[in-house]
């Protein structure tokens with residue numbers, strides 16, 4: 001199985017493209033962009049969904065039953081695979097590793113950016129002229145990533 005961020009097998013994915021995905025948001029534009037970017041670079045693609053239990057689960061660090069975490073991650077992995085599968089079929093030359101991970105999303109992507117050639121994150125389009133137009137994950141990526149960052153708007 002391909003390596004995840006921070007693993008000893010990470011060299012296999014060094015120089016690849018990394019995408020952070022919210023499995024509960026529309027992200028077709030972001031997926032189209034990242035698959036084309038990986039294909040142009042002949043680079044592997046790592047698609048990550050980070051999830052951290054909300055504060056309603058209790059104070060951090062917390063101990064949760066293993067089955068509770070496994071169930072949530074399995075549901076997220078299934079949703080992620082469903083989103084990525086059609087794009088993998090359109091771009092069969094792109095090697096893809098898609099996984100849901102128990103981690104704070106911004107930290108997960110910043111760790112993955114250390115060996116990436118490109119980090120891609122999405123942001124929701126906003127009609128409002130005032131206020132921030134990026135969320136906390138895109139903001140962290142733009143300011144702290146170790147790789148170039150592409151922020152792709154989506155509905």
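The values are calculated or read from the model by the stated rules, or taken from the named source; none is laboratory data. Note that the structure is predicted; figures quoted are calculated from it, not measured. Heads up, the Cβs are rebuilt from the backbone with ideal geometry, glycines too, and the neighbour counts pull from every protein chain shown.
Can you name the residue in segment 18-52 that is assigned to a loop (DSSP other than H, G, I, E, B), in contact with a strand residue (DSSP E or B) (Cβ under 8 Å, 6 or more places away or on another chain) and modelled with pLDDT under 95 and is also nearest to residue 77 (Cα to Cα) among such residues?
Ranking the candidates gives 23 first.
Quick one: which of 81, 106, 100 is surrounded by 18 or more Cβ atoms within 10 Å (Cβ to Cβ) and touching a strand residue (DSSP E or B) at 6+ places or on another chain (Cβ under 7 Å)?
100
So for segment 68-82 (the condition being under 15 Å from residue 34 (Cβ atoms) and either modelled with pLDDT of 95 or more or more than 12 Å from the chain's Cα centre (by Cα) (or both)), does at least one residue qualify?
yes
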